[in-house]
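Taking it in order: structure first as structure tokens, then the write-up.
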Amino acid sequence: MARRGLDSVIRLQKWRLDEKRRQLGDLLSLSEQLQTELANLEAELQAEQALAARNFEAGRTYATYALGYIDRRERLRQSLSNVEKQIETAQEEVRGAFRELKTIEITKDNRDKVETLQVNRRQQNELDELGLNPQRRALIAGRL
């Protein structure tokens, strides 16, 4: 019964670990998306600056664009910072879940080894008993 109980706990812990890994993967993907958006925003800024330098009308509206750019960049940076904190937390949760899984697996392995030793010892005792019975019979027969 204990073996089946540990097997169930191991399956549950593996599921939890997989779930935490999926969450971490989602956060890493989100981080990549935010970094891509920041890079695209930077490229857009450079394109707008080049356009403003060549075109008088575009130059007049560049200040409004720049203010919007600064706001969007700060929001993206803040989002990226928040996601990076979440990634750190998720990584620690994955490490903790992995440690817990390994502890349970080691416990199960140790219990399996003890059980195997007990079974082997019991079998050896039975074989020893079978081996001693003829000698006992001979002794009893010789004494009677």
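Couple of notes before you dig in:
- Set side by side, the residues Ala58, Ala97 differ, and just one is small (Gly, Ala, Ser), surrounded by 11 or more Cβ atoms within 10 Å (Cβ to Cβ), in a helix (DSSP H, G or I) and in contact with a Lys or Arg (Cβ under 9 Å, 6 or more places away or on another chain), which is Ala97.
Conditions (1) β-branched (Val, Ile, Thr); (2) assigned to a helix (DSSP H, G or I); (3) open to solvent by 70 Å² or more (accessible area, probe 1.4 Å); (4) in contact (Cβ under 8 Å) with a residue 60 or more places away in the chain, marked per residue:
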position: Arg11; (1), (2), (3), (4): no, yes, yes, no
position: Arg16; (1), (2), (3), (4): no, yes, yes, yes
position: Glu37; (1), (2), (3), (4): no, yes, yes, no
position: Ala47; (1), (2), (3), (4): no, yes, no, no
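- Which listed residue is of a type outside the set (Phe, Trp, Tyr), in a helix (DSSP H, G or I), under 14 Å from the mean Cα position of the chain (by Cα) and under 26 Å from Leu30 (Cβ atoms), from Glu84, Glu92: Glu92
- Arg121 falls short of the stated requirement of being under 30 Å from Asp26 (Cβ atoms) and in a helix (DSSP H, G or I).
The values are calculated or read from the model by the stated rules, or taken from the named source; none is laboratory data. Bear in mind that the values here come from a model prediction, so they are computed numbers and not experimental data. Heads up, the Cβs are rebuilt from the backbone with ideal geometry, glycines too, and the neighbour counts pull from every protein chain shown. Heavy atoms of the whole protein, side chains included, go into the accessibility calculation; ligands, DNA and RNA do not. Shrake-Rupley method; radii C 1.70, N 1.55, O 1.52, S 1.80 Å.
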